[in-house]
Amino acid sequence: ASGQVALNEHGQVVGAGDLAAQARQAFANLTHVLHIAGAIPEEVLRVNVYVVNLKPGDWDVIRKEGAAFFPERNPPAGNLVGVQALPRDSLLIAIDAQAAQAELERLGPDRVSEFPGEMMKPVRFAEH
């Protein structure tokens, strides 16, 4: 699955065994990738969260950590999926997102003619 996991800039797992710490790192990584793509968390339309050995209380942990990254009034749609494993044994969570950039709003009305017929540009995020 494409997405962001709890790896730091050296490729090491952050928060082994700690879902909250891994969720926080995965959301931070997602935010970083959004910025690289020229998007912001408020432009995320859909989020899919994959959790190893999902338990009933895990959603509350993930939602709490995600609240720091997404707007309170209009959070993105999404799915929470329990999985048996992720590519590395110590990973507990992976998050993928789809965002739409409002390019024309950022460019201003004087540059609209440069981008005819394209109001929103979808962005798919892959694991980095």
Item to complete: Evaluate the following for Phe69: is it open to solvent by 20 Å² or more (accessible area, probe 1.4 Å), at pLDDT below 95 and touching a Ser or Thr at 6+ places or on another chain (Cβ under 7 Å)?
Response: yes
Worksheet entry | Identity of the residue in segment 36-92, in contact with a strand residue (DSSP E or B) (Cβ under 7 Å, 6 or more places away or on another chain) and of a type in the set (D, E, K, R), that ends up farthest from Ala20 (Cα to Cα) | Glu43
Discussion item. Just the residues that are modelled with pLDDT of 50 or more, out of contact with any Ser or Thr (no Cβ under 9 Å at 6 or more places or on another chain) and among the small types (Gly, Ala, Ser), please, taken from segment 94-128.
Written reply: Ala97, Ala99, Ala100, Ala102
Practice prompt. Report yes if some residue within segment 72-93 is out of contact with any helix residue (DSSP H, G or I) (no Cβ under 6 Å at 6 or more places or on another chain), modelled with pLDDT under 85, open to solvent by 100 Å² or more (accessible area, probe 1.4 Å) and in a strand (DSSP E or B); otherwise report no.
Written response: no
Worksheet entry | Condition check for Ala99: open to solvent by 20 Å² or more (accessible area, probe 1.4 Å) and of a type in the set (A, V, I, L, M, F, W, C) | no
Discussion item. Suppose we keep only residues that are touching a residue at least 24 places away in the same chain (Cβ under 8 Å) and in a loop (DSSP other than H, G, I, E, B) within segment 49-60. Which one would you say is surrounded by the fewest Cβ atoms within 10 Å (Cβ to Cβ)?
Written reply: Asn53
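A quick yes/no check of all residues on (1) within 19 Å of Arg63 (Cα to Cα); (2) hydrophobic (A, V, I, L, M, F, W, C):
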site	(1), (2)
Asn8	no, no
Gln12	no, no
Ala20	yes, yes
Ala26	yes, yes
Ile36	no, yes
Ala39	no, yes
Glu43	yes, no
Item to complete: Any chance you could count how many residues in segment 30-43 are part of a helix (DSSP H, G or I) and out of contact with any Gly (no Cβ under 9 Å at 6 or more places or on another chain)?
Response: 9
Item to complete: Search segment 1-15 for residues being within 17 Å of Val83 (Cβ to Cβ) and part of a loop (DSSP other than H, G, I, E, B), and hand back the single one that is most open to solvent (accessible area, probe 1.4 Å).
Response: Ala1
Worksheet item: From the list Arg46, Arg63, which one is loosely packed, with under 15 Cβ neighbours inside 10 Å, modelled with pLDDT under 95 and part of a strand (DSSP E or B)?
Response: Arg46
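The values are calculated or read from the model by the stated rules, or taken from the named source; none is laboratory data. Keep in mind it's a predicted model, so treat the numbers as computed, not measured. Virtual Cβ from ideal backbone geometry, glycine too; neighbours counted across all protein chains shown. Surface areas here come from the heavy atoms of the whole protein model, side chains and all, with no ligands, DNA or RNA. Shrake-Rupley method; radii C 1.70, N 1.55, O 1.52, S 1.80 Å.
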